[in-house]
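Below is one structure, written out as structure tokens; the observations come after it.
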Amino acid sequence: CNFLVKPVAERWFMSDAQLAAERQRAHDVATANTVAGAPAAMRETPQGLVYLAWIGVGIPLLWGVWITLQKVMVLFR
């Protein structure tokens, strides 16, 4: 497979001007979307919904850790 790998054609590379324009656009988008370091989605999401989502993730995660610990204890007894 290594012998089949070929260099990327020059036509797919960005010029320095295109790269600078893309970096500037990305910088502008990033600065427009941040206020006081928080993403826009977090500023608009109700706090109760965030807690509910973490509970929805946390309970199965803790359940999986508990089951894993039970299986480990069986192995080491």
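Percent of accessible area on the chain owned by carbon and sulfur, 1.4 Å probe? Show your work: numbers first, answer last.
Details: 5280 of 7580 Å².
Ligands and nucleic acids excluded, carbon and sulfur reach 70 percent.
Can you work out the Karplus-derived ³J(HN,Hα) for every residue in segment 57-74? Use 6.51 cos²θ - 1.76 cosθ + 1.60 with θ = phi - 60°, whole Hz, and x for glycine or proline.
Karplus-based 3J(HN,Hα) across segment 57-74 equals 8, x, 5, x, 5, 5, 4, x, 5, 4, 4, 4, 5, 4, 5, 5, 5, 5 Hz.
Ignoring everything except DSSP H segments at least 4 long, calculate the 222 nm mean residue ellipticity for the chain; use -39,500 (n - 2.57) per segment, divide by total residues, nearest 500. If you can, show how the numbers build up before the last one.
Working: 3 runs with 52 residues, N = 77.
Taking each H run of at least 4 residues, the total per residue is -22500 deg cm²/dmol.
Which value, in Å to one decimal place, does the Kirkwood hydrodynamic radius take for the chain when every pair of different Cα atoms is included? Could the numbers behind the result be given before it?
Details: mean 1/r = 0.0539 Å⁻¹.
Taking the inverse mean of 1/r over all distinct Cα pairs, the chain comes out at 18.5 Å.
Accessible area per residue for the chain in Å², computed with a 1.4 Å probe and the full protein assembly in place, what is it?
Value returned for the chain: 98 Å² of accessible area per residue.
The values are calculated or read from the model by the stated rules, or taken from the named source; none is laboratory data. Since we're looking at a predicted model, the values are computed, not measured. Keep in mind that these areas ignore ligands, DNA and RNA; they rest on the heavy atoms of the full protein, side chains included. Shrake-Rupley method; radii C 1.70, N 1.55, O 1.52, S 1.80 Å.
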